[in-house]
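Working notes, structure below.
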Amino acid sequence: MTDDAISNLANETRHFDPPADFAAHANATASAYDEAKADRLGYWAKEAERISWATPFTEVLDWSNPPFAKWFIGGKLNASYNCVDRHVEAGNGDKVAFHWVGEPADDTRDITFGEMKDQVSQAANALIDLGVKTGDRIAIYMPMIPEAVVAMLACARLGAPHTVVFGGFSADALSSRIIDCDARIVITSDGGYRRGAPAALKPAVDEALLKCPDVRNVLVVRRTGQDVEWNDDKDVWWHDIVDKASTDHTPEAFDAEHPLYVMYTSGTTGKPKGILHTTGGYLVGATSTHYNVFDVKPETDVYWCSADIGWVTGHSYIVYGPMANGVTQVMYEGTPDTPHKGRWWEIIQDKKVTQFYTAPTAIRTFMKWGDEIPAKFDLSSLRLLGSVGESINPEAYMWYRKAIGGDRCPIVDTWWQTETGQIMISPLPGVTSGKPGSAMTALPGISADVLDDAGDPVPNGSGGYLVLTEPWPAMLRTLWGDDERFKETYWSRFPGKYFAGDGAKKDNDGDIWLMGRVDDVMNVSGHRLSTIEIESALVSHPKVAEAAVVGATDDMTGQAPVAFVILRESAGDGGADVIKELRDHVAKEIGAIAKPKKVLIVAELPKTRSGKIMRRLLRDVAENREVGDATTLADSTVMDLISTGMSTAKDED
Ligand code: PRX
């Protein structure tokens, strides 16, 4: 969205007050903002009571060595115990934890908290048999099946940090993550169902392992029954060891700062960053925000977050937050259009889903498919809708509200990041109003601001850089093995404050509107990709001499990668075959999500005299705008050539 569009919208008075009946029963309270303002740490100490501590903490926060925070000092807990055992102990063992829906019709399973406890214990015992010790890292590369959650919680139970790699990522992306955190065990499956057919996963693990000789074992769930290559020295079937293991396992309580997981995310350089989350603060942050922002009533609600567990949203708002809150969830394996375009709405109808959390890119896709599809289903069970991943454009907000929410459900537009671990900026349903396109205000206990270049807060009606001015419980603790990069990336632009990498604007009421990344990170379908990572992938192809990638605005995916490539002389002049080869190469190196939408073969790239590529100009070209100020280019004629080339390029979809 352009700056003008934002300010026009921000000046609009359109907003939705919480419906009175919702407000009367809301979990969140208006007074929480004041309480947290008066005593921020006291607020978090109180929220920490939502989870069970084996040993109570003695101090809420140690911020004596910023930016390295310690939360809930002296406290000991087990995240897996909090997600399963304590619900069983409270007499809720027979309650459904997951209504799991496989993609093939009728392939469903209901799993209770009691069954989850048994399976997590079995998996933990099996991992012990495979030699796993507290502190060892375990990589998980799985489809959306219950065993993925079981695997994560089994790792947490043993204090063995997991690193879940999205199943859509390539073998190379997987191996680089395994190597970076030195994981010795990989948990995967033969594959999963996508778009009506089995998709394989194990071959990518086999390929990744060629570069990871230190991986001892691969634990493989049989999901689809496809043939898999088998390495007797390393590969172990899940059903051979997990299903046969004892269901008795006593979880050990770990220090609140014990590492819980590492999640890799794109940064401004080619190398993904390993975001480290620890146990106590993270679990408090995820559980508290899940309870308040989604207004969950664990006794009656059926909550559904459509994210994949390979992203942070799946970690905080499928696994840790909702499970610690003991709420019944839906988990769906496949794509929204299989076997028909109403599949999600059919699931909401069948399972009587009460809260639904998804991404704007999905909402825009449904909008394109038409209102008549959701209209065929009974969506009256829904009470609340959530959005995450990018700003929800007002048109999509209004459609979501009407076509899905029946004009009755509040929408929570939740801003947060892999790094923040928990939702930071969002309306509180029943308490705050919603404005289409604005994430509104920082949650109680969270301090956000928008700063100008000099680091001063901007007045209402102005834009700048989004920062978080105080530490929060689920904040990342560092980048795995790279404290310096952690300090440099987040804490150096505005000393003492966390710089999120996003631009934002305060409207006349002081509410926050997110404006997108201000760095070389693009947001494709709510997922972060680094331009430099895609450029490195392109340059690793033998036909490519140089490449520049920009994120161009896209109606469906928010942004889409567009690549400008200079070929080596030996590669010829770059016909359709070469372009296809390059796009496929990026998909192979990183994953299909990173595949450039367009590849334009150019003779030169616009560079400043110091040799820096001016991506801003390329973005103008990719978005069909008049090219901006090019006076600092070493050769100003370059842009004329590129612009002409672009006008003849067609979509490469
Ligand atoms: O640019 C912001 C955007 O997504 C980035 C974080 O991406 P990731 O770590 O992959 O986590 C995505 C899910 C939490 C942010 O820096 N973003 C996320 N949510 C919103 C958003 N932008 C605007 N509005 C949001 N609600």
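Do you know the relative contact order of the chain, to the nearest whole percent, from alpha carbon pairs under 8 angstrom that are 6+ apart?
Contact order relative to length: 13 percent.
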Check the straight Cα-Cα distances from Lys46 and name the lysines below 26 Å, setting aside those fewer than 8 residues away within the same chain.
Lys37, Lys70, Lys76, Lys297, Lys497
Regression test value, accessible area per residue of the chain, probe 1.4 Å, units Å², expected 38 Å²
Inverse of mean 1/r across different Cα pairs in region 408-535, Kirkwood, Å
15.5 Å
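In region 62-150, what trypsin sites (Lys or Arg not before Pro) fall in a loop by DSSP, with at most 15 other Cβ atoms inside 10 Å? Display every interim value, and only then the final one.
Details: sites: Lys70, Lys76, Arg86, Lys95, Arg109, Lys117, Lys133, Arg137; in loops: Lys95, Lys133, Arg137.
Here the sparse-neighbourhood loop sites are Lys133.
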If I require 15 Å or longer along the helix axis, counting alpha carbons, and a Kyte-Doolittle average no lower than 1.0, what helices from the chain are left? Use full DSSP H segments.
146-158
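If you take the square roots of the eigenvalues of the alpha-carbon gyration tensor of the chain and sort them as a ≥ b ≥ c, do you get rounded (a/c under 1.5), prolate (a/b over b/c) or oblate? All intermediate terms of the calculation are to be shown ahead of the outcome.
Numbers: a/c = 1.44, a/b = 1.17, b/c = 1.23.
Rounded.
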Treating cross-link reach as a plain straight distance, find the aspartates and glutamates whose alpha-carbon is under 13 Å from the alpha-carbon of Lys368, omitting any fewer than eight places away in the same chain.
Asp337, Glu395, Asp555
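Quick one: net charge around Gly75, please, counting Lys, Arg +1 and Asp, Glu -1 for every other residue with C-beta under 10 Å from its C-beta.
Values: positive: Lys76; negative: Glu59, Asp255, Glu257.
Residues near Gly75 contribute -2 overall.
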The summed charge of the Leu210 Cβ neighbourhood (under 13 Å; Lys/Arg +1, Asp/Glu -1) stands at -3
Using a Debye calculation, one point per C-alpha and no hydration shell, please list log10 I(q)/I(0) for region 110-252 at q = 0.14 Å⁻¹ in order.
-0.59
Could you pull the Cα extents of region 186-241 along its three principal axes, largest to smallest, in whole Å?
35, 25, 15
Please list Trp369, Trp415 in order of solvent-accessible area, largest first, computed with a 1.4 Å probe with all protein chains present.
Trp369, Trp415
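For region 525-648, take the alpha-carbon Rg, divide it by the Kirkwood Rh, and send me Rg/Rh.
Working: Rg = 13.7 Å, Rh = 14.6 Å.
Radius of gyration over Kirkwood radius for region 525-648 works out to 0.94.
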Counting helices only, and only those DSSP H runs with n ≥ 4, report the 222 nm mean residue ellipticity of the chain as the sum of -39,500 (n - 2.57) divided by its residues, in deg cm²/dmol to the nearest 500.
-8000 deg cm²/dmol
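Dividing the alpha-carbon Rg of region 193-276 by 2.2 N^0.38 Å yields what?
Numbers: Rg = 17.1 Å, N = 84, 2.2 N^0.38 = 11.8 Å.
Dividing the Cα radius of gyration by 2.2 N^0.38 Å gives 1.45.
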Would you check region 110-252 for Lys pairs whose C-alpha atoms are within less than 24 Å, ignoring same-chain pairs closer than 8 in sequence, and give me the count?
10
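With all protein chains present and a 1.4 Å probe, how do Met263, Met398 order by accessible area, largest first?
Working: Met263 5, Met398 35 Å².
So, going from the largest accessible area down, we get Met398, Met263.
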With every protein chain left in place and a probe of 1.4 Å, what is the accessible surface of Asp337, to the nearest 10 Å²?
50 Å²
Count the net charge of all other residues whose Cβ sits under 15 Å from the Cβ of Pro19, scoring Lys and Arg as +1 and Asp and Glu as -1.
0
If you roll a 1.4 Å probe over region 110-252 with all protein chains in place, what percent of the accessible area is carbon or sulfur?
45 percent
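If you rank Val218, Val88 by how much accessible surface each has, with a 1.4 Å probe, what is the order from largest down?
On the way: Val218 0, Val88 45 Å².
Highest to lowest solvent-accessible surface, that is Val88, Val218.
Evaluate the relative contact order of region 525-648 (contact order divided by residue number), counting alpha-carbon pairs under 8 angstrom at least 6 apart; express in whole percent.
On the way: 190 pairs, mean separation 27.0, N = 124.
Result for region 525-648 is 22 percent.
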With every protein chain left in place and a probe of 1.4 Å, what is the accessible surface of Trp491, to the nearest 10 Å²?
30 Å²
Global size of region 597-641 as Cα Rg and Dmax, reported in angstrom:
10.1, 29
Candidate aspartates and glutamates for bridging to Lys271, where Cα separation is under 14 Å - those fewer than 8 sequence places away on the same chain excluded:
Asp172, Asp180, Asp482, Asp520, Glu533, Glu535, Glu589
DSSP beta bridges in the chain: the antiparallel percent, rounded to 5, is 60 percent
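The values are calculated or read from the model by the stated rules, or taken from the named source; none is laboratory data. Here the structure is a predicted model, which is why all the values come from computation and not from measurement. For neighbour counting, all protein chains shown are included, and Cβ atoms are generated from backbone atoms with ideal geometry for every residue, glycine included. The accessibility values were calculated without ligands, DNA or RNA, using every heavy atom of the protein model including side chains. Shrake-Rupley method; radii C 1.70, N 1.55, O 1.52, S 1.80 Å.
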